[in-house]
Amino acid sequence: MIRAVVLISGRGSNLAALLAASLPVEFAAVISNRPQAEGLEHARRRGIPAIALDHRNYAERTAFDAELMRHIDAYRPDVVVLAGYMRILTEGFVAHYADRLVNIHPSLLPAFPGLDTHRRALAEGVKIHGCTVHFVTDRVDHGPIIAQAAVPVLSDDTEATLAQRVLAQEHRLYPMALRWLAEGRIEIVDGVARVSGEASQALLVPVSGPHGTPA
Ligand code: GRF
């Protein structure tokens with residue numbers, strides 16, 4: 001068992017997927033920078049400490065991150081899991097949790113770091129899109145890639161339909177990646193994350209349904 005603290009900002013569907021996955025992970029606490037985050041409910045329902053730390057009460061980003069670190073470290077986590085945590089992290093924060101800070105991002109990195117990934121993917125006309133679980137470095141949405149899931153972009157996709165297709169894969173990908181981490185199977189070699197015993201770190205979702213070739 002490893003111990004994890006999860007950081008969220010909102011809905012918390014990735015958190016819910018992680019909690020439901022029966023992972024060899026003790027979820028020690030969930031912390032949100034937004035007091036109203038619905039995701040905190042997922043933690044409360046399971047009796048996991050759900051902490052709201054409102055970033056608006058801190059004038060400086062460094063002061064907020066310092067307080068956040070104090071809360072996180074009280075739980076002595078092996079890993080800090082960002083699950084829809086929508087704050088830019090300070091360098092000090094990232095350094096403090098080096099190699100034990102992971103994130104999920106709704107694009108196939110290094111394409112589309114930042115916000116509005118689905119809208120931008122549609123605007124670029126990419127035909128394959130997806131999501132990435134990666135270790136966090138001090139470059140936003142960058143770092144050794146642990147796993148990726150790819151989905152087709154369909155000709156009649158809207159931002160909402162594409163987001164939904166990607167999110168369904170996020171809910172498979174993050175538990176898979178966290179399990180590997182918990183099993184101690186991930187190694188970073190020359191900036192690349194490798195998982196022992198896995199030939200592939202990818203989930204590929206074929207086109208299916210009324211507008212695509214059946215899988
Ligand atoms: C997800 O798309 C995640 O990839 C991104 O923010 C969204 C969070 O959704 N970082 P949820 O709060 O997990 O439902």
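The values are calculated or read from the model by the stated rules, or taken from the named source; none is laboratory data. Just so it is clear, the model here is predicted, and its values are computed rather than measured. Glycine also receives a Cβ, built like all others from the backbone with ideal geometry; neighbour counts cover every protein chain displayed. Just the protein is used for accessible areas: all its heavy atoms, side chains included, with ligands, DNA and RNA removed. Shrake-Rupley method; radii C 1.70, N 1.55, O 1.52, S 1.80 Å.
Just a few scattered comments:
- Identity of the residue in the stretch 18-41, touching a strand residue (DSSP E or B) at 6+ places or on another chain (Cβ under 6 Å) and in a loop (DSSP other than H, G, I, E, B), that ends up most open to solvent (accessible area, probe 1.4 Å): Pro35
- Filtering the stretch 106-136 to residues that are within 11 Å of the ligand (Cβ to nearest atom), open to solvent by less than 10 Å² (accessible area, probe 1.4 Å) and in contact with a Ser or Thr (Cβ under 9 Å, 6 or more places away or on another chain) leaves Ser107, Thr117, Gly130, Cys131, Thr132.
- Only listed residue being touching a strand residue (DSSP E or B) at 6+ places or on another chain (Cβ under 9 Å), surrounded by fewer than 21 Cβ atoms within 10 Å (Cβ to Cβ) and part of a loop (DSSP other than H, G, I, E, B), chosen from Arg139, Arg87: Arg87
- Total residues in the stretch 64-84, condition in a strand (DSSP E or B) and within 16 Å of the ligand (Cβ to nearest atom): 3
- For the stretch 90-105, residues that are open to solvent by less than 10 Å² (accessible area, probe 1.4 Å), closer than 19 Å to Glu187 by Cβ and more than 14 Å from the ligand (Cβ to nearest atom) total 1.
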